[in-house]
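The values are calculated or read from the model by the stated rules, or taken from the named source; none is laboratory data. Note that the structure is predicted; figures quoted are calculated from it, not measured. Because the Cβ atoms are built from the backbone with ideal geometry, glycine has one as well, and the counts that use them run over all protein chains shown. All accessible areas refer to the heavy atoms of the entire protein, side chains included, with ligands and DNA or RNA removed. Shrake-Rupley method; radii C 1.70, N 1.55, O 1.52, S 1.80 Å.
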Amino acid sequence: MKNPAPTLHLPTEDAIRRSWERCTASGLRNDAPLPDIGMTRAALTERLEGNARLIAYAQPIMEHLHQQIARSSSTILLADDAGTILRAVGDADFAERAAQVALQPGISWAEGAMGTNAIGTALAEQRSVAVVGTDHFLERNRFLTCIATPIHAPAGGVLGILDISTSVQLSQIHAQALLQTTAEIIENRLIESIAEAAVTIRFHPHAEALASPLEGLAVFDEAGQMLACNRRGERLLGIGDSRKERPAFARLFETRWGTVLDHALSSSLRPTLLCAHGGREFAARVQAGRLQALRPAPAATATARPAQTLEDLDLGDPTVTSAVRRARRIVGLDIPLLIQGETGTGKEVFAQAFHHSSPRREGPFVAINCAAIPANLIEAELFGYRAGAYTGARGEGARGKLREAHGGTLFLDEIGDMPLRLQAVLLRVLETRRVAPLGGGPEEAIDLALVCASHRPLKTLCETGEFRPDLYFRLSAMSLALPALRERTDIEALARRILRDESPNRPLRLAAATLDVIRRHPWPGNIRELKNVLRLATAMLGPDEATITPAHLPHDLTDSREARPTTHSLRAAETRLVEETVVRHAGNISAAARELGITRTTLYRKLRRT
């Protein structure tokens, strides 16, 4: 990624013409004498005190700028947001001539007072302006060449104006680039001094550009909300005016905010890697500001990875984006969520994100896999039991998953494998919101959110008599289908996310050839398979390696690009196609059969074979 060139707004005839029109409309004359417009000492002192913060950060940088252009009959000026000059640093020989036209502290150079000039016109136009010779409206100022640029406040608006004025010829492009860079340095110092900043991030596509005027700079609060961003950062991130948008970290970057907080609190001086949406990567230095004061004692420091929310799952795939948007609509409502999709597509991860996005996030998330528990024990797992309720029961009894999930979320995975008899009992519990343990005892009221998942199309199971239609209608008020990994358009972003989660303290990259392998592989095991592949690849890296190449991937993954299809793989592909089509049509057998070009009877036979 190339470094973005600084935006240089060179003077235009239109800007000067507009300024002259404003001056003429105000009744100002070209030959107007120099008025008595000086401030009293008390008024100037009040103005300086009101701009003390701006002056404190600008003064040393102005002196440094003057050293770059010393002995050029020039002066560096700092004006406030009304155009009043606050500070001047320049050559003595030029200062005397500048004083003859009141180009000195305590004098307003707003357009209304001094006509077209760099300071006043930069304020009026809200942009960098160069005014040369006869461009000045007042004749007495036409010996001046002036270039001015706004200094933006971190919270928005113009805080002041930085100006170079001289009586000699000046390379406008060179001087304006130098002036704008200086203004940006002042703006950076103001951003760095924001008291509410919890985390400061310096970033650039190339690590070598960090700690240089080319770096982007952004500060965030503890929740990851942007407080301010410098001009370079806005251009690097492509966000326009950050002072108006104030985007959240999660909207800009794929990297998890919790990972950034951990890096900030580690006091590491080593650059880390930030991945923006769209695959762009930035080297970054992360520094704790106010966050450092909130740092918990070492004994209390949490090691758990921050919980994912629905927002975190949206990496750009349209189907996943739609699923996230629809699920968000029922967060906090008494509406069950049904998630369907192939094994390994992330159904439980989606359920957990739904829980952590809800008002019940502080409550428990309780998961039970209905396919992994023997049919005769599922009822006890769900409803609990009293001591001695059945042979082999624990002496102290058990509360059961339904009661454990009280106040939180219950996730029933592979609910399509729940025995029919138990489906009827579950339906009653969902209707009454009360549960009694096996072996007798009083019923207890339960308050929970319910999320169910299945890799088998439940509507089809209803038609084959394997699932109760009344329970299906109770569960499927909001039904979502997660796409298989091979169908996702955000597979590269997902791979990078997994890699960062697997190795949070070690910035790793995926080589272009590796990404090509990932895109081409069919991923029959979906996200679960991808996680295992990247975990192995990370383990295969040498201590000084930071890029995963195809050589680090499992051999069967790289060999599969040339593997010839077998009867088994073709049958598996047919099975996947059938299941996906039925899920896509929400279990409507007739519609799925029409799309596949087969009869309903043939489709039923293929489903039974799966």
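Below, the figures for the structure above:
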{"item": "Selection from I548, T345, T432, by position along the positive dipole direction of the chain (Cβ)", "result": "T432"}
{"item": "Gain upon complete extension [I335, A511; 0.36 nm per residue less C-alpha separation]", "result": "59.0 nm"}
{"item": "Debye, to nearest 20: dipole size of the range 80-193, +1 on Lys, Arg Cβ, -1 on Asp, Glu Cβ", "result": "120"}
{"item": "For W20, solvent-accessible area (1.4 Å; no DNA, RNA or ligand), Å²", "result": "70"}
{"item": "For the range 448-463, 3J(HN,Hα) per residue [Karplus equation, 6.51 cos²θ - 1.76 cosθ + 1.60, θ = phi - 60°, Hz, x = Gly/Pro]", "result": "8, 9, 10, 10, 10, 9, 7, 8, 9, x, 5, 5, 5, 5, 5, 5"}
{"item": "Built amide H within the under 5 Å cut-off of F253, gap 5+", "result": "H277"}
{"item": "Within the range 12-47, backbone nitrogen closer than 15 Å to the virtual label 7 Å beyond the Cα of E139 toward Cβ", "result": "29-34"}
{"item": "Computed accessible area, F473, all protein chains, 1.4 angstrom probe, square angstrom", "result": "140"}
{"item": "Potential extension, S171-A546 segment - 0.36 nm per residue separation minus Cα distance", "result": "130.5 nm"}
{"item": "Sequence-distant residues sharing a close amide H with I151 (under 5 Å, placed H)", "result": "L159, G160, I161, L162"}
{"item": "Nitroxide proxy distance, nm - points 7 Å out along Cα→Cβ at E362 and T343", "result": "3.9"}
{"item": "Solvent exposure of the chain as accessible area per residue, Å², 1.4 Å probe", "result": "47"}
{"item": "Accessible area, probe 1.4 Å, largest first, for residues D262, D490", "result": "D262, D490"}
{"item": "Label-point separation in nm, A539 to A445, each point 7 Å along Cα→Cβ", "result": "5.1"}
{"item": "MRE, 222 nm, helices only [DSSP H, n ≥ 4, -39500 (n - 2.57), over the chain, to nearest 500]", "result": "-12000 deg cm²/dmol"}
{"item": "For the chain: relative contact order, % (alpha-carbon pairs under 8 angstrom, 6 or more apart)", "result": "9"}
{"item": "Rounded FRET efficiency, nearest 0.05, which uses the C-beta distance separating R17 from R486 and R0 of 45 Å", "result": "0.15"}
{"item": "Set of aspartates and glutamates with alpha-carbon distance to K606 below 14 Å, sequence-local pairs under 8 removed", "result": "E574, E579, E580"}
{"item": "Selected from A110, A52, V366, residue furthest toward positive end of dipole (the chain; charges at beta carbon)", "result": "V366"}
{"item": "Heavy atoms of E443 accessible to a 1.4 Å probe, total area in Å² rounded to 10", "result": "80"}
{"item": "Assigned charges on the beta-carbon of Lys, Arg, Asp, Glu; the chain dipole about Cα centre (debye)", "result": "1920"}
{"item": "In order through the range 125-141: 3J(HN,Hα) via Karplus (6.51 cos²θ - 1.76 cosθ + 1.60), integer Hz, x for Gly, Pro", "result": "8, 6, 7, 5, 9, 10, 10, 10, x, 5, 5, 5, 6, 7, 4, 5, 9"}
{"item": "Calculated FRET value between A211 and D93, using beta carbons and R₀ = 25 Å, to 0.05", "result": "0.10"}
{"item": "Within the range 68-91: backbone nitrogen closer than 16 Å to the T181 label point (7 Å, Cα to C-beta)", "result": "68-70"}
{"item": "Other-chain or far-sequence residues with amide H under 5 Å of A481's (modelled H)", "result": "Q340"}
